[in-house]
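The values are calculated or read from the model by the stated rules, or taken from the named source; none is laboratory data. Just so we're clear, the structure is a prediction, and the values are computed from it rather than from any experiment. Counting neighbours? That spans all protein chains shown, and the Cβs are built from the backbone with ideal geometry, glycine included. Ligands, DNA and RNA are excluded from the accessible area calculation, which covers all protein heavy atoms including side chains. Shrake-Rupley method; radii C 1.70, N 1.55, O 1.52, S 1.80 Å.
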Amino acid sequence: MTKLTRTHRILIGLVVAGAVVIAGIGFAGSYAAVRDLALEKGFGGFANVLPIGVDAGIVVLLALDLLLTWTRIPFPLLRQTAWLLTAATIAFNGAAAWPDPLGVGMHAVIPVLFVVSVEAARHAVGRIADITADRHMEGVRLTRWLLSPIPTFRLWRRMKLWELRSYEQVIQLEQERLVYRARLQARYGRAWRRKAPVESLMPLRLARFGVPLSQTGPAGLAAAGITPSLAITALAAPLPRDTPPPG
């Protein structure tokens, strides 16, 4: 688990304090507007507690969602209901300023800030919980998406389907696959998929299911009449960090 330094604790305290201030300002600013709207709609004395119930419900649901996310038993309905109540609060406040678009936007600023801050906290809690449970799955680099979107989608899909958590591991498997394909293509030409023996194609099919070519590749190359080299197996054994690369 990530160890928190004194600086981290200070920053967390500032963030929590800021979120409380944002929530308090939002509650104070929306209370009168929602109460007046409820009185106008005939809620009577209940109009005085309706804004408190809605805002308290949002805080409780989001806090419970954070807690369940931390314990790795999330319940998505809590989060969705909290955002629904937040949207309802924005709509109630916006109705007080309607049809002035600037007034409606001003009423929406504070709730949006609160939603973004809580969502960021939930994201952090979820990441920490996944890392602690050894379930964290790294993402694919944005530059790869931009430079090669279709192959990257296939790589990302394989990563998600077979729970490959390390981005470096996925890149390594992809390198193994490309090296293996290049060797078959050099041996059989453009029609290598049709000419190559089934035994030599099987490792590529198994690679789609997350089976490393370092395990199946040598036998497949041997079936194709190609002398297995260190090209594939070397990719499966990266150099230690303190060992300089060759050349």
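Some notes on this structure:
- Within region 195-217, restricting attention to residues that are open to solvent by 60 Å² or more (accessible area, probe 1.4 Å) and more than 16 Å from Arg154 (Cβ to Cβ), the residue that is modelled with the lowest pLDDT is Gln215.
- The numbered conditions (1) among the basic types (Lys, Arg); (2) surrounded by fewer than 17 Cβ atoms within 10 Å (Cβ to Cβ); (3) more than 23 Å from the chain's Cα centre (by Cα) are all true for Arg35 except (2).
- Failed criterion for Trp98 (all others in (1) in contact with a helix residue (DSSP H, G or I) (Cβ under 7 Å, 6 or more places away or on another chain); (2) within 18 Å of Gly24 (Cα to Cα); (3) exposed (fewer than 13 other Cβ atoms within 10 Å of the Cβ) hold): (2)
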